[in-house]
1. Out of all the residues in segment 80-107, which are within 29 Å of Glu153 (Cβ to Cβ) and polar (S, T, N, Q)?
2. Taking only pairs six or more apart or across chains, which ones have beta-carbon atoms under 7 Å, a first residue in segment 149-162 that is touching a residue at least 40 places away in the same chain (Cβ under 8 Å), and a second residue that is among the polar types (S, T, N, Q) and not in a helix (DSSP H, G or I)?
3. Checking Leu149 against (1) farther than 27 Å from Phe29 by Cα; (2) of a type in the set (A, V, I, L, M, F, W, C); (3) surrounded by 15 or more Cβ atoms within 10 Å (Cβ to Cβ), which test does it fail?
4. Taking Ile102 as the residue in question, decide whether it is of a type in the set (A, V, I, L, M), touching a helix residue (DSSP H, G or I) at 6+ places or on another chain (Cβ under 7 Å) and surrounded by fewer than 19 Cβ atoms within 10 Å (Cβ to Cβ).
5. Hey, can you tell me all the residues within segment 93-121 that are touching a Gly at 6+ places or on another chain (Cβ under 9 Å) and of a type in the set (Phe, Trp, Tyr)?
6. Farther than 28 Å from Pro152 by Cβ and within 17 Å of the chain's Cα centre (by Cα): is that true of Val13 in this structure?
7. In segment 1-56, how many are among the β-branched types (Val, Ile, Thr) and under 28 Å from Glu142 (Cβ atoms)?
8. Determine if segment 108-121 includes at least one residue that is surrounded by 15 or more Cβ atoms within 10 Å (Cβ to Cβ), within 17 Å of Val65 (Cβ to Cβ) and of a type in the set (Phe, Trp, Tyr).
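We did not get these values from a lab; they are worked out from the coordinates using the rules stated. These figures come from a predicted structure and were not determined experimentally. Reconstructed Cβ throughout: ideal geometry from the backbone, glycine too, with neighbour counts over all protein chains shown.
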Amino acid sequence: MLVKTEKREFGKVKKLYKSAFPPAERKPFFMIRRKIKTGLMTAYSIVTAGEFSGILITAQKDDLVLLNYLAILPTIRGGGIGSKALADLSVKLPGKGIFLEIEEVSQSASNYGERQRRKHFYLKNGFTETGVSADLYGVRMEVLSNGILITPEEYENFYKSVFGSKIAKHIRAWRQE
């Protein structure tokens, strides 16, 4: 299911990445490639029945893993592939604290229903609310985890250690009230 992406597959990964995530939520792809080379990020291709089905991109520092991006090809979404990929990730990273960000579920958002479905998907797949919110380049996010507790300070420090201070200065996290 999850296979580390080989160099020759990065074209497919980049194409899905650019189509699945809005520009405000995408890190520069060259930076992702660079972080993969240094071992701070991993790109997985999701493969079902021998065919490329999606992507899962993580960043890791010590025992903390940020599930940065998960996307399934639009033509096969809703078939359980994303759930299987999350289960496979947990098997590949036993004992690691996994966290992720989703757009804040706000009724005033134009894509409110989509945000609700995304949050429900992650909660259904074992993730929990952490009580931490973040502002990533002006996009309000909610932080979910696989049960680990993460503080706003740990969240910000993770960004600083993995992505550097230039990126981290655009990140702010706080405890939800």
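1. Once the filter is applied, which keeps residues that are within 29 Å of Glu153 (Cβ to Cβ) and polar (S, T, N, Q), segment 80-107 yields Ser90, Ser106.
2. Note: pairs meeting the criteria are Ile150/Thr130.
3. (3)
4. yes
5. Once the filter is applied, which keeps residues that are touching a Gly at 6+ places or on another chain (Cβ under 9 Å) and of a type in the set (Phe, Trp, Tyr), segment 93-121 yields only Phe121.
6. Yes.
7. Total satisfying the criteria: 7.
8. No, that holds for no residue.
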